[in-house]
Each structure stands twice: as structure tokens, then as C-alpha cells.
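J.: Okay, handing you the structure first.
The values are calculated or read from the model by the stated rules, or taken from the named source; none is laboratory data. A quick note: this is a predicted structure, and the numbers were derived from the prediction, not measured. No Cβ is skipped: glycine too gets one built from the backbone with ideal geometry, and neighbour counts run over all protein chains shown. All accessible areas refer to the heavy atoms of the entire protein, side chains included, with ligands and DNA or RNA removed. Shrake-Rupley method; radii C 1.70, N 1.55, O 1.52, S 1.80 Å.
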Amino acid sequence: MCGIVGYVGKRQAAKILLDGLRKLEYRGYDSAGIAVRNGAENAQVVKTSGRLKALIEKTENGKNIRGTCGIGHTRWATHGVPSVANAHPHVSGNCAGTGNGPVESSVVGVHNGIIENYAELKAKLMSKGYSFYSETDTEVLVKLVDYYYNKYRIGPIDAINRTMVRARGSYALALMFTDYPNQIYAARKDSPLIIGKGEEESFLASDVPAILNHTRNVYYIQNHQSARIEEDRITFFDLNGDEVFLPETVIEWDAKAAEKDGFAHYMLKEIHEQSTAVRNTFNSLVRESAIHLEDFGLDQSILNGISHIDIVACGSAWHVGVTSQYVIESLTDIPVRVELASEFRYRNMPITSGTLVIVISQSGETADTLAALRKAKQAGIPVLAVVNVVGSSIAREADYVLYTLAGPEISVATTKAYSAQLIAMDLFAIQLSYSKGFITREKYSYYIEEASSLPEKIERILLDKERLQWFSSRISGQANMFFIGRGLDYSVCLEGSLKMKEISYIHSEAYAAGELKHGTISLIEDGTVVVGIMTESSVMDKTFSNMIECKARGAYLISLTSADHPVPDEGEIDFQITVPATDELFLPSLAVIPLQLLSYYTSVNRGLDVDKPRNLAKSVTVE
Ligand code: F6R
């Protein structure tokens, strides 16, 4: 949660910080602030509550703040309500600053993460004479740095290192010290932070899109490391204060990929980018009609040693896990368990040797998924990560990494990363099955061929989007919706329902179709929308019967089927959605597309902020 940026160079910092924050707004958007220094002058701190727009207006898009060194923050509240006082930057003095002039403080900082022992640290600092103007853990962190800095008369890096030793939790931290003009100091533990180097200017940010317009050369600062960032030099330090050298990485993402490019919302753009995301991911794993997992370290002997699989993830990535469970268990005799990372990390359960843990994550920074990965590794279990963000914590810590090539995903509700995860997991399943001798060479080639046809079929579904746009007005006034299906279709229900509720705020539930009658059917009343997903021919009749049971209680029925298996009785259905035919194992990749579109248009009809739904953030780096 929260996005941080920093700039030091020759240009005016405020505008660059605001542009960077705009790209990070998906990480949090309940308040924002910047602190900018003009040479040796004190920092000028400007903060507003609400969307970044308010800060842009207040600063006249940065024009009324002078200075070439600064830090900025967009917040997703954890400690303390969204308010100007709680907004970052925070200062070591007694005034948060509201934009009415420079702030006198030896330390000014922004932070992404959570300090778990902040209450204890706050009490200690109060006993030393500090007072607090906000409810945030960040103010405590900044004042702790200030305390060590002044008490021991040590430099910024030593003060930060002492703070890192005392603070428990997660942080990406950017600080400016009054005594050190034109320098930004940074530190990190378990929250994302990259540092970028341009020509006579340097940057820091929580995520790549924030700096992609300025530089592609970045450093991934590691846990418990700190950095001194100057316009012509970046120096990294370990916890002892010794200098360390980090490799530079060149980001290959296209800067245009992080722009809206004429679409009304990022979500709509990203829905349209799905065929490319799936094609690119497919092409990265398949060549000469074979899947090459050995390129990622998963050679034949590793695959042969797998006797159990635990898939661990959160949210939509977990839904990919549910789909993959069905696919892997259909293609092999390997038992697959799918766990929510937030449960897995605290549960006592046997993990037998021969298990492969697969973590799935777009951001590669989700706190629960990262903790689950560490738990598996501690138990000596190998971990495969399916990740979108290159160099993210999960990618760095996993034993094997399959990158999804979805490019930057900005909209909070995932679409293209989800689709890229599905194809990556499908290809993994096919290769696992073939390597272990469960399918013949002919069947192997057939599956690869079918998977290769998905991008074109996704494009075909998108051609029909006006029909869904028109229909969405029919459901925009709904209070409740249900998505029902069996098997693979149930996994699609989970995703379709989450998409609908998270961006349209219509209460929606996903149910295994056969389970509805065990209680939930009591919620069906006149006009309740029930979406029946029926792409699996073997269970279609069963789900159809469950839909008819709902209709008998007044439900309005939407069906989703594939072209080669239409609904048994079209007359019973109020609105039909059909996707192109493919092997049933891959139909989730197609069935999800109309559901994404339906959610998108419903959210637009309801006048909501599609890309930034309330209370959510893109990257959940806190528990
Ligand atoms: C929903 C959504 C979330 C994420 C979840 C995991 O549209 O985007 O449910 O799927 O927060 O995030 P990652 O994949 O970054 O670990």
C-alpha cells in the first residue's frame, strides 16, 4: 500500500514528483503530499486529503514550489484515518506542514509499509520529549531516525541503520536531512523500492511506471539496505554501514504501456491488452512446438520429483490457483492443494517432501504471499513463483520464476495479469503431464496448439463488447448478484464475482452450483441476477438445473457457454453470452473476458471510479 517517489537533479522536483505519484495512485489514493527543498533551505511540505488531484490543484501542478530535490507520497491509510495530519511526508518537528511555508525539522520522510512495534517506539520517544501531531506509524519512524541522528551525532546512514535495528515490520522509506541538501536517503525491508539513475539526476519509487518516462536503469535495493541518492551518484550500504555494490537492471517495459493510450480507463485498456499478454507469455515458454520450463530451472528431473503441489496466492491470483488445480489434476495424478496465502502462512499443516509450492502474484510484493513463500522455503520445500513484476521480492526469493509477460498493470482490478497467469499455469500443467508420461506426444501437441489459439479467440470476444455494454445497463441497478458453476466454471465464477463486486460495489457471490441449495438459495428473489457459467459439458445439465431452481424463485438468468455446447433450453435464459470453442481445460481463459467487460461497464454506468475502487490498493504489502 502507498506509493513513494523521490527526485534529485537539476530540474524542478515538484512536477516530477506529482507525475510519478499519478502513476502510483493505484497503490493508494486517500491523501497525498510532497516535500521539496530548494538548495539548503528547509523543506516545503504540502499535503492534502483525498485524491492526488487536490494536491495538484493546491500546488498549481508543482509550479508554486521551488526546489530540485524532493520526496512524495500517495497514501492508503493503515494507521490513522485519511486526513491532512496523517498524510505524508512526516517531519521530526512538531508541525506536519500544510503548505503554508517551509517546515523546520531535521528529518522529513515518506514511508510505505507498517511498523508493528510503533506503539512501543512512540512511548519511548515521548519519554525523550517528542510529541506527535498524527496517528501514524510513519511519524514515529521519522522521529526515531531524528532521535538517533541527534543523540549520537551520527550521519544519516548510521541513524537509519539504528532505526532499522529497532523497527519491526515492513518499510520502504525515503528521507531528507536538513543538514544534507540535494541528497535523499532510502531504506527498505519487505516493501518495494527501486532507485533509478538518469543523466545528472536520480529517482526513487515504489514501482517502475513512476520513473519510466525518465530512466530505465534501476537498482533493486535489498532488505535491510540503505542508500544515499545524489544527482550524480547512488551509494548503497548494508546494516553495518559498509558500502555495498548492487547490479544495475535495465527495465524493458515500454513507457507507453503505462499510459491510458486513448482508453477511458486503464482497466478497459488492460482488458484489450489480454491477447498480447497471453501471446507474449505463451511465446516466452513455447518454441518449436514444445514447452521449455527447463529455461527457468524446471528440468525433467525436477518435474519428475514432484508428487504434491500446493498453490498459494491471494485474490484473483488465488482464483488462478483454483483453476490450475482442476487443470493439473485433470492432466496428472498429482494431488493439488490451493491455499489462501493469509491462511497458509499461519496454519499448521503437513507439507510432505516431494511437494512443490507454487506462489502466484502479479506484483510480486503481496505481503501474505511473500510470507507463505518464506514459510515454504524454511521448511525446505522448493518454491516456483509465477510473477509479473521483474525483480520483485517474490521473484527474488523464489527458487524458480516463471514471468508472466503482461507488462505494467495499473488498474487496481486485475485483468491482463490474471489472464497471463492462467496461460503460464496451463503450460506448466501440460509440460508436467507430458514429462511424467500422463499424455502422449500427440495429446501434448494438441494442447499446445489449443493454448496457442487463445489470443485470437480473446480478440474475437472483445469484438462483441458493445452488446455487453448495452446489456450492462440492465444489471447496473442490481443490489445482489450470484455466479454459479461447477468445476472449472466455478473457478471462473470466483473471478467474475470478485470483478463485479470490487469495481461496481454490487454485492455478489460465487457459488459452486450444487451448493446453492444448502442455504444461499434463500437469498434469491424476484429479479435477482444469477449468472450460470456452463462451459464444462459434463456438468452443464447439472448447473442448468440449478439455474432453473433459481428461476422458479424469480431469478433473472444469464448464461455463459462455449459455441459448441449451447444451453439445453435457450427459452429459459434471459441473456446469453457465448465464447468461442476450445479445449474445455482452457475455456476459463475465454469465459472470464465477457465477465470482466460486464463488470467494467456496470461500474461505468454506476458512475464509479473504475481504476481506483474505494478502500482498495493494487499492491497489498501489508497483512
Ligand atoms: C483483484 C485483484 C486482487 C489481487 C490480489 C493479489 O482484481 O487484483 O485480488 O489479485 O491482491 O495481488 P498480487 O497478484 O499482486 O499478489
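J.: Given a 1.4 Å probe, how much area per residue of the chain is accessible, in Å²? Display every interim value, and only then the final one.
T.: Working: 22070 Å² over 623 residues.
Heavy-atom accessible area per residue stands at 35 Å².
J.: To the nearest Å, what is the center-to-center distance of region 233-282 and region 519-591, using C-alpha atoms only?
T.: 38
J.: Where the centre of each part is set by its Cα atoms, how far does region 435-493 sit from region 1-61, in angstrom?
T.: Going from one Cα centre to the other spans 41 Å.
J.: Tell me what the chain gives for mean residue ellipticity at 222 nm when only DSSP H runs of n ≥ 4 count, each as -39,500 (n - 2.57), the sum divided by the residue total, rounded to 500 deg cm²/dmol.
T.: -11000 deg cm²/dmol
J.: Quick one: how many Å² of Trp253 are accessible to a 1.4 Å probe, rounded to 10?
T.: 50
J.: Output ³J(HN,Hα) for region 332-343: one whole-Hz value per residue in order, computed from phi by the Karplus curve 6.51 cos²θ - 1.76 cosθ + 1.60 with θ = phi - 60°, and x for Gly and Pro.
T.: 9, 10, 8, x, 10, 10, 10, 10, 6, 4, 5, 8
J.: Extending each Cα 7 Å along its Cβ direction at Thr520 and Lys377, get the distance between those two points in nm, one decimal.
T.: 3.6
J.: Another question about this same structure. Kindly rank 427-435, 28-36 from highest to lowest mean number of other beta carbons found within 10 Å of each residue.
T.: With the highest mean Cβ count within 10 Å placed first, the list reads 28-36, 427-435.
J.: Just order 266-273, 611-618 by mean Cβ neighbour count inside 10 Å, highest at the front, would you?
T.: Numbers: 266-273: 23.1, 611-618: 18.9.
Result, highest mean Cβ count within 10 Å first: 266-273, 611-618.
J.: In debye to the nearest 20, how big a dipole does region 104-225 give about its Cα centre with +1 on each Lys and Arg Cβ and -1 on each Asp and Glu Cβ? Write out the running numbers ahead of the final one.
T.: On the way: 13 positive and 14 negative charges, 101 e Å.
So the magnitude is around 480 debye.
J.: Compare the Cα positions of Ile65, Ala417, Gly527 along the charge dipole of the chain (+1 at Cβ of Lys, Arg; -1 at Cβ of Asp, Glu; about the Cα centre) and return the one farthest towards the positive end.
T.: Towards the positive end, the residue furthest out is Ile65.
J.: To continue, here is another question. Suppose each label sits 7 Å from its Cα in the direction of the beta carbon; what would the Lys124-Glu243 distance come out to in nanometres?
T.: 3.1
J.: What is the sum of charges around Val36, taking Lys and Arg as +1, Asp and Glu as -1, for the other residues whose C-beta is under 11 Å from the C-beta of Val36? Intermediate values should be presented prior to the final figure.
T.: On the way: positive: Lys15, Arg37, Arg66; negative: Glu41.
Here the count lands on +2.
J.: Something else: On a full-extension model of 0.36 nm per residue, what is the gain between Thr235 and Glu199, subtracting their alpha-carbon distance, rounded to one decimal in nm?
T.: 11.4 nm
J.: Give the dimensionless ratio obtained when the Cα radius of gyration of region 375-482 is divided by 2.2 N^0.38 Å.
T.: 1.44
J.: Can you tell me which of 290-302, 193-205, 13-25 comes out highest on packing, and rank the rest after it, using the mean Cβ neighbours within 10 Å?
T.: 13-25, 193-205, 290-302
J.: Let me spell out the model: positive unit charges on the Cβ of Lys and Arg, negative unit charges on the Cβ of Asp and Glu, origin at the Cα centre of the chain. What dipole size does that give, in debye rounded to 20?
T.: 2060
J.: How big is D, in µm² s⁻¹, for the chain by Stokes-Einstein at 37 °C and 0.692 mPa s if Rh is the Kirkwood radius over C-alpha pairs?
T.: Values: Rh = 25.5 Å.
Stokes-Einstein gives a translational diffusion coefficient of 129 µm²/s.
J.: In whole percent, and with a 1.4 Å probe on the protein chains, what portion of the accessible area of the chain is carbon and sulfur?
T.: That share works out to 48 percent.
J.: Share of antiparallel DSSP beta bridges in the chain, in percent to the nearest 5?
T.: Here the antiparallel bridges make up roughly 60 percent for the chain.
J.: Across region 142-150, in residue order, what do the Karplus-derived ³J(HN,Hα) couplings come to in whole Hz, using 6.51 cos²θ - 1.76 cosθ + 1.60 with θ = phi - 60° and x for Gly and Pro?
T.: Result, rounded to whole Hz: 5, 6, 5, 4, 4, 4, 5, 4, 7.
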